[in-house]
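Novice: A single structure is presented below for examination.
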Amino acid sequence: MIPPIMSPFNPVFRRSMAIFVAVAVILITLGLLWMDATTPSRRSNYSRVRADMRYLATAIESYRDDMGSCPAAAPFVEPNFPPRLTTFRNPTDEDGMGSITTPVSYITSLIVDVFAPSQPSFAYGPLFGAEDSPGWVMLSPGPDSVYDIRDFKVLIDDDGNLRGDFVLRNTYDPTNGETSIGDILWFGEARGTEGGSD
C-alpha cells in the first residue's frame, strides 16, 4: 500500500512533483545551452592554432631558405611538457646561435599555444632526428591539453617513412567531438620530395 503522503492524489505530492519536474527541465536546458556556448570557442581555438602553425611554418621555411637548415630545437623541461619533445631554441642560449626571432626576425616573438598556455610555444623539432633533417614537425596538445605524442621519433618507422597509421590515430579531428583525444600536428616540407605541410 502506498503511504498517503506519496499518493498521486495527494495535492502536496502533486505540487512537489510539478516543482521537481520544472527544476529538472530548467537544469537540462541550462546544460544544453552551456554546451552550445562552449563549442564555438573550442572550434575557434582549433582554427586559431592551425592559423598560428601556418604562420610559424612560413617563418621556419623562410629561415631554412636563408640558413640552409631548420631553426635549432632545444629541450624544454616543465612538468606538463613531455621530456622527449623539443621547442624552438631560446634566443639567449649559451652557444649564441640564433633562432627564428633573432638576429633576423622571421617572426617578432614566439606564439603561445592556446591549448598549452604555460608552454613557451608549440612543440617543434626535426622529423628524422637530426637538425638538418629533410622535414620537421610542430604539434599542439589539442583541446584535451594532453600530449598524446610524447616523442617525435615515434612518427617515423625503421625505414625512415612517416607512420601514417600512428599519426591518424593520434591526430585530433574536430569532427570527433570537442574533447576527443589527439594532438594537432603540422609537418614541415621535406625538401627534394613532392608534398608539403598542409
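Read-outs throughout are calculated quantities, based only on the coordinates presented, and are distinct from any laboratory measurement. Quantities reported herein were computed from a predicted structural model and do not represent experimental measurements. We place every Cβ from the backbone using ideal geometry, glycine too, and count neighbours over all the protein chains shown.
Novice: Given points 7 Å out from each Cα along the Cα-Cβ axis, report the Phe13 to Trp34 separation in nanometres with one decimal.
Specialist: About 3.3 nm separates the two model spin labels.
Novice: Would you mind checking which residues have amide H under 5 Å from Ile156's amide H? H placed 1.01 Å from N; only 5 or more apart, or other chain.
Specialist: For Ile156, the qualifying residues are Arg163.
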